[in-house]
Amino acid sequence: MSRRPLVSIAAAALALAACSPEKKIDSLRITSAGQLPQGIVGADYTFSVEVAGGTAPFAFSAEIPANIGWLSIDPATGVLSGVPDAESAPVSFLVNVEDANQQTAQTTLSLRVVFCAEGEVRECTTPGTGALAGQCSMSHYVCANNAFPACPNTGTTASTDVAHCGADCTPCDLARADRCAGTCACGGGAACDAAATCCSGGCVDVQADAANCGACGNACSAAPAFGHPVCTAGGCDFACDDGYARCGSACVRLSDDVSNCGSCDHACTGIDPVCNGGQCFASCPEGTTNCNGACLAPSAFQSDPANCGACGTVCTAPANAHATCAGGVCGFACDGGTSLCSGACVSLNTTANCGSCGNACPSDTASTDWYCAGSYCDFTCKANYFYCLDTDSCLRLGSVCGPIDPPCKPSYSSAISPNLPVCP
C-alpha cells in the first residue's frame, strides 16, 4: 500500500500565496490640470476638480491667494465656485485631495478673470440725442479683447436702468425715484421733490404718512376705540375721530362721558350721576335715556357708534378704518388712502393689491424684485444682474443680450469681434 507524501501547512500556504496575485491599490491622482476656464467679473463661476484612482470618499482643499479670495472649494465634491469681483491676470494655486486610505494628490491650477467674454453683447447707455435729448438712451456694445468699447450713441430707446438715467446717464436718487423712463421717475409720474419720498410708486411725506411713517412700508396701526393711527414728525401716534377728545390713551366724548365730563379726568360724583352737554347732573332731562352716565335722545341710538341700536352696543372697525353707525346698525368706513378689498381696508399701492383689489404683482425671483408703481407692477434687477430691453428681463452678468441672434457688432468698428456680423 503506497503512501502519499505529506505537505506541511506552511508549504501549502506558500504555494497558495505564490498562485494568488497581490491586490494593488490604485494610486490617487488629480486629472484636472493647467489653465482653468476663465472667470467673468460679476458672473457665477463653477469648475469641478476631477480625480482618478483612490478610494472614495475624497476630501478636497485649496490654497487660494487673496487676489482671488472670492473663490472657494467644496471639501466634499471638489467644486470650485464663487462670483469674481475684479479682473486678474492668471493666478496659480494648489489643490489637494485625500482619499479614504489617506492617499494624497496635489496639482497646480491657474485661473484668469476677465471683465467680459469675447463677443459678449450687453446693453449700454449713453446721453440721448434727437427725440431722446435730455434723457438716457439704451444701445448695445460687443466685448472685444475682454473689454467693452465706448457705448455707441445710436440708441433709439429710453433707458429703464435706475443706475443709468437722465440727461447724464447717472444713478437716480432711490429716495426720490424707483424707476427710469429716460429720466428718473416714481411710479408712473415724475421723480419726487426734495420734501417727499418715493414709496411703492408714489411720492409721500414720510413725516406725516401713516402708511409710510418715518420710512417706506412702516405702517402705523395702533389706535384706541374711536381713534385712528396717524404719523407725526415721522413717528406713529393716534388721533381721535370727530366728536371725540384724547384723554390719556383713550378717545372720549367730553359732552357725555361721566368720567371725563367737560374735560379730561373731570368725573361726576354722587349717586348715579350723568354728564350732559359737558356738565354733571343728578339725572337726565326728560325725553332722554341714561346710558352709562350719558343722556341720549332716542335718535342718538340710530347714529352713535358707542351706542348703536341700544345702550352700550359699541361698533368696532378693522385696521385702517373707523366705526360707523347708520340706522342703528354698525358698520365701518375706510380711512383715507385705503380701499375696501374683501372686507379689509388696504392700500392699492402694494404688491398684493396694485392699482385694484386682488391685482397681485408676480413674486420676486432670483434676478428680479417686483414692486407696485402706483397702478401697475414693475421690477428692478438684483445685484449682479442687468436689464435686457430685448427680452424685458434681468440677465446675469456675462449673459448675452443683443438685438439679434446670433449677436452682432456695431458698424463703427471692424476690429471688434471680426467673426460677428455687422448689426443691421
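The values are calculated or read from the model by the stated rules, or taken from the named source; none is laboratory data. Note that this is a predicted model, so its numbers are computed, not measured. Positions of Cβ are generated from backbone atoms using ideal geometry, with glycine treated the same way; all protein chains shown enter the neighbour counts. Keep in mind that these areas ignore ligands, DNA and RNA; they rest on the heavy atoms of the full protein, side chains included. Shrake-Rupley method; radii C 1.70, N 1.55, O 1.52, S 1.80 Å.
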With x for Gly and Pro, the residue-by-residue ³J(HN,Hα) of region 262-272, computed from phi through the Karplus equation 6.51 cos²θ - 1.76 cosθ + 1.60 at θ = phi - 60° and given in whole Hz, is x, 7, 4, 6, 8, 8, 6, 10, x, 8, 6
Pseudo-spin-label distance SER249 to VAL314, built 7 Å along Cα→Cβ, given in nm, is 1.4
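If you take the Cα atoms of region 79-118, find Rg, then find the Kirkwood Rh from the mean of 1/r over all pairs, what is Rg/Rh?
Numbers: Rg = 14.1 Å, Rh = 12.4 Å.
Rounded to two decimals, Rg/Rh equals 1.14.
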The set of residues whose placed amide H lies less than 5 Å from the amide H of CYS295, leaving out same-chain residues fewer than 5 positions away, is CYS275
In the list (1) 27, 58, 15, 0; (2) 24, 52, 21, 3; (3) 18, 29, 24, 16, 10, 3, 1, 0, the entry giving P(r) over Cα pairs in 20 Å bins from 0, in percent computed from the coordinates is (3)
Candidates ASN101, ASN353, ASN67; GNM for the chain (alpha-carbon contacts under 10 Å) flags as most fluctuating ASN101
Cα pairs beyond 18 Å in region 130-208, in percent, come to 47
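When the convex hull of the C-alpha atoms of region 205-335 is computed, what volume per residue in Å³ does it have? All intermediate terms of the calculation are to be shown ahead of the outcome.
Numbers: hull volume 12.5 nm³, N = 131.
Here the figure is 96 Å³ per residue.
Could you work out the helix-only [θ] at 222 nm for the chain, with each DSSP H run of four or more residues adding -39,500 (n - 2.57) and the total divided by the number of residues, to the nearest 500 deg cm²/dmol? List each step's numbers first, then the result.
Numbers: 1 runs with 11 residues, N = 424.
Dividing the helical sum by the residues of the chain leaves -1000 deg cm²/dmol.
Using the Kirkwood radius built from alpha carbon pairs, what does the Stokes-Einstein equation give as D for region 128-260 at 10 °C and 1.306 mPa s, in µm² per second?
On the way: Rh = 18.1 Å.
Result for D is 88 µm²/s.
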Computed ³J(HN,Hα) along region 95-100: with the Karplus parameters 6.51/-1.76/1.60, θ = phi - 60°, integer Hz and x for glycine or proline, the list is 10, 10, 9, 10, 9, 5
So the angle from the long Cα axis of helix 9-19 to the longest Cα principal axis of the chain, reported in degrees to the nearest 10, equals 80
Phi-derived 3J(HN,Hα) across region 63-80 with the Karplus relation (6.51, -1.76, 1.60, θ = phi - 60°), rounded Hz, x for Gly and Pro, is 9, 9, x, 5, 6, 10, x, 5, 8, 9, 10, 6, x, 8, 10, x, 7, 7
Heavy-atom accessible area per residue of region 18-160, all protein chains kept, 1.4 Å probe, expressed in Å², is 50
Once all protein chains are kept in place, HIS140 shows an accessible area at probe 1.4 Å, nearest 10 Å², of 50
Note on the chain, DSSP bridge orientation, antiparallel percent to nearest 5 equals 95
Taking a crude spin-label model, label points 7 Å out from Cα along the C-beta direction, the SER283 to LEU340 distance in nm is 4.3
In a Gaussian network model of the chain with springs linking alpha carbons closer than 10 Å, the residue among ARG253, ARG29, ARG396 that fluctuates most is ARG29
For the chain the mean separation of alpha carbon contacts under 8 Å (6+ apart) over residue count, i.e. relative contact order in percent, is 9
Between GLU87 and ALA167, Cβ-based FRET efficiency (R0 30 Å, step 0.05) works out to 0.50
Between the modelled labels at SER110 and ASP272 (7 Å from Cα along Cα→Cβ) the distance in nm is 10.3
Amide H contacts under 5 Å for GLY82, restricted to residues at least 5 apart in sequence or on another chain and with H modeled in the peptide plane, are TYR45
Across SER299, SER88, SER137, the residue with the highest GNM fluctuation in the chain (Cα network, 10 Å cutoff) is SER299
